[in-house]
Each structure stands twice: as C-alpha cells, then as structure tokens.
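*Asks:* Shown below is the structure under consideration.
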Amino acid sequence: MLSPEVASIIQEAVRIGGDKLQGKLPPHPRLKRRNPYAHLYERIKSRMGKSYKECNDEDAMRILELIEYYVQNPC
C-alpha cells in the first residue's frame, strides 16, 4: 500500500495533470462532459491493474510517468 506521503504526491500530480487536460479530452459517447481528474485515475487503474491506493511505494515513479504520458497524449 502507498504511504500517505507518496499518495499525496500522486494526488497532486493528478490535480496538476487534470488542470492541464481541462477541455482537451475528446468527446465520449456516454458522457456529457469529460472529467480529466477521473480520467487520469481511471487510466492509472487500467494500466496498473488496481487503484493507485493499492499500489506500493515502488510503483510511484511508474504512476507519475503514466500521468505525464496521458497529459501529453489526451485520449
């Protein structure tokens, strides 16, 4: 499990990344409006196979890299 310090770093990265993604995500047929913060958390869960909270501290760099990737490559 993530330590509170590492979880806080990831949450801050998602907040910053979500701010950068505002208005940049393409439309989705089932959604009226895209939530970039939820999108990043969903992408982390999809790629890691579990919630970021269930990951270990050793996974933090990979999670931060994923956040950066999805900010640079909105989908």
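*Asks:* Per 0.36 nm of contour for each residue apart, how much would the distance between GLU5 and MET48 grow if the chain were fully extended, relative to their Cα-Cα spacing? Could you put the intermediate results ahead of the total?
*Replies:* On the way: separation 43, 0.36 × 43 = 15.48 nm, distance 1.95 nm.
Value of the extension gain: 13.5 nm.
*Asks:* Go ahead and set up a Gaussian network model of the chain, Cα springs under 10 Å, then flag whichever of LEU31, LEU64, LEU40 fluctuates most.
*Replies:* Maximum among the listed residues: LEU31.
*Asks:* Output ³J(HN,Hα) for the stretch 47-57: one whole-Hz value per residue in order, computed from phi by the Karplus curve 6.51 cos²θ - 1.76 cosθ + 1.60 with θ = phi - 60°, and x for Gly and Pro.
*Replies:* Whole-Hz 3J(HN,Hα) from phi for the stretch 47-57: 6, 8, x, 6, 4, 4, 5, 8, 7, 9, 4.
*Asks:* What does the charge count around ILE67 come to, taking other residues whose C-beta lies under 13 Å from its C-beta (Lys +1, Arg +1, Asp -1, Glu -1)? Display every interim value, and only then the final one.
*Replies:* On the way: positive: ARG15, LYS20, ARG43, LYS45, ARG47, ARG62; negative: GLU12, ASP19, GLU42, ASP59, GLU65, GLU68.
So the environment of ILE67 carries a net charge of 0.
*Asks:* Can you list residues whose amide H is under 5 Å from LEU2's amide H, if they're 5+ apart or on another chain and H is modeled 1.01 Å from N?
*Replies:* CYS55
*Asks:* Roughly to the nearest percent, how much of the accessible area of the chain is carbon and sulfur, given a 1.4 Å probe?
*Replies:* Working: 2640 of 5110 Å².
Of all accessible area on the chain, carbon and sulfur atoms account for 52 percent.
*Asks:* How many lysine pairs in the chain, separated by 8 or more positions in sequence or lying on different chains, have Cα atoms less than 23 Å apart?
*Replies:* Working: LYS20/LYS32; LYS20/LYS45; LYS20/LYS53; LYS24/LYS32; LYS24/LYS45; LYS32/LYS45; LYS45/LYS53.
Counting lysine pairs in the chain gives 7.
*Asks:* Right, another one. At 222 nm, what helix-only mean residue ellipticity would the chain give, in deg cm²/dmol to the nearest 500, using -39500 (n - 2.57) for each DSSP H run of four or more? Don't jump to the answer; show the numbers that get you there.
*Replies:* Values: 3 runs with 44 residues, N = 75.
Helices in the chain give a 222 nm mean residue ellipticity of -19000 deg cm²/dmol.
*Asks:* Hey, what do the phi angles of the stretch 61-75 turn into as Karplus ³J(HN,Hα) couplings, whole Hz, using 6.51/-1.76/1.60 and θ = phi - 60°, x for Gly and Pro?
*Replies:* Per residue, the Karplus-derived 3J(HN,Hα) values read 4, 4, 5, 5, 5, 4, 4, 4, 4, 6, 5, 6, 10, x, 9 Hz.
*Asks:* With every protein chain kept in place and ligands, DNA and RNA left out, what is the accessible area per residue of the stretch 1-74? Probe 1.4 Å, answer in Å².
*Replies:* Working: 5050 Å² over 74 residues.
Accessible area per residue: 68 Å².
The values are calculated or read from the model by the stated rules, or taken from the named source; none is laboratory data. For clarity, every value in this text was computed on a predicted model and none was experimentally measured. Cβ coordinates were reconstructed from backbone atoms using ideal geometry, including for glycine residues, and neighbour counts include every protein chain displayed. The area values use the complete protein model at the heavy-atom level, side chains included, leaving out ligands, DNA and RNA. Shrake-Rupley method; radii C 1.70, N 1.55, O 1.52, S 1.80 Å.
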